[in-house]
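No lab work stands behind these numbers, since they all come straight from the coordinates. Quantities reported herein were computed from a predicted structural model and do not represent experimental measurements. All Cβ positions, even for glycine, are placed from backbone atoms using ideal geometry, and neighbour counts span all protein chains on display.
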């Protein structure tokens with residue numbers, strides 16, 4: 001059986017309009033080409049599709065009515081496939097502006113850039129690091145397409161899509177008494193000196209989480225570099241907290257820290273992508289968010 005999408009398209013137009021002339025007009029084809037396509041379809045099916053009488057509308061046969069639903073599905077599927085291909089060609093090219101938290105950037109942006117180069121070589125990522133507050137200001141101003149932050153940091157006026165759940169980890173010296181445990185009760189280390197990232201609203205959110213558990217933190221230092229914090233922790237000068245433990249526990253100066261999840265009942269938190277309202281439906285945005293999930297998969 002030799003059926004073509006063009007024959008089915010002309011047949012459906014004739015069925016819907018009741019006229020070969022109107023069908024030809026709808027399909028931007030000549031009447032002779034439309035009639036010939038329907039006739040070829042009838043020969044392939046081995047049965048007439050319309051009862052024809054001069055000067056009156058086409059009357060579909062029982063075969064036509066049975067065939068129509070399947071033909072319509074085929075034509076619509078082909079149109080959807082073409083639209084998807086066209087969308088890919090046009091949307092997965094150009095530039096996408098992506099902002100990311102400082103502490104997350106070293107873990108997320110390199111694998112994201114590599115995956116994007118491999119999957120979508122025509123799509124250029126512009127990558128920028130910043131604090132949660134600054135990234136949200138830039139999103140409000142429309143200067144980013146996506147910004148990667150934690151959900152507990154996000155203002156209520158911004159649209160976001162959660163990408164994966166994150167868990168708060170204690171950063172401890174390798175020789176700490178809790179270093180061998182599977183997890184750590186925050187209450188057991190809360191009195192020790194805390195060395196925290198100072199990017200707003202990180203300290204405020206961590207302090208609020210502690211207060212929710214009835215804990216008071218002994219904050220010794222707040223610093224802008226997690227590498228500096230890790231080196232201080234490795235020397236036994238305090239502990240820290242992070243949502244993004246790296247693969248390596250070795251500090252830049254060759255010392256060791258350990259990462260242990262907090263066992264406490266904390267508010268749920270997610271790595272999330274900020275975007276313009278409705279932008280999550282755009283193929284380019286969806287594709288990059290899927291790459292981010294892949295880049296951060298454990």
C-alpha long axis of helix 31-45 to longest principal axis of the chain, angle in °: 80 degrees
Label of the coordinate-derived value, semi-axes √(5λ) of the Cα gyration tensor in Å, listed as (i) 63, 18, 17; (ii) 35, 24, 21; (iii) 31, 28, 16: (i)
Listed peptides 118-126, 141-149, 272-280, 247-255 by packing density, highest first (mean Cβ within 10 Å): 141-149, 272-280, 118-126, 247-255
Stokes-Einstein diffusion coefficient of segment 168-265, Kirkwood radius over Cα pairs, 20 °C, 1.002 mPa s, in µm²/s: 162 µm²/s
Principal-axis tilt of helix 62-91 within the chain, Cα atoms, nearest 10 degrees: 40 degrees
Mean separation of Cα contacts under 8 Å (6+ apart) over length of the chain, as relative contact order %: 20 percent
Segment 5-90: projected area of the alpha-carbon convex hull, averaged over directions, in nm²: 5.9 nm²
Per-peptide average of other Cβ atoms within 10 Å, ordering 192-203, 70-81 highest first: 192-203, 70-81
DSSP bridge orientation in segment 1-146 - percent antiparallel, rounded to nearest 5: 20 percent
Convex hull volume per residue in cubic angstrom - Cα atoms of segment 215-298: 161 Å³
Separation of alpha-carbon centers, segment 220-272 and segment 4-25, rounded to whole Å: 67 Å
Estimated D of segment 19-61 in µm² per second, where Rh is the Kirkwood radius over Cα pairs and Stokes-Einstein applies at 25 °C, 0.890 mPa s: 227 µm²/s
Ascending count of other beta-carbon atoms within 10 Å, so fewest first, for 27, 100: 27, 100
Helix 102-119 axis, angle to the chain major axis (alpha carbon atoms, nearest 10°): 30 degrees
Antiparallel content of DSSP bridges confined to the chain, in %, to 5: 55 percent
Relative contact order [Cα under 8 Å, 6+ residues apart], segment 5-90, whole percent: 28 percent
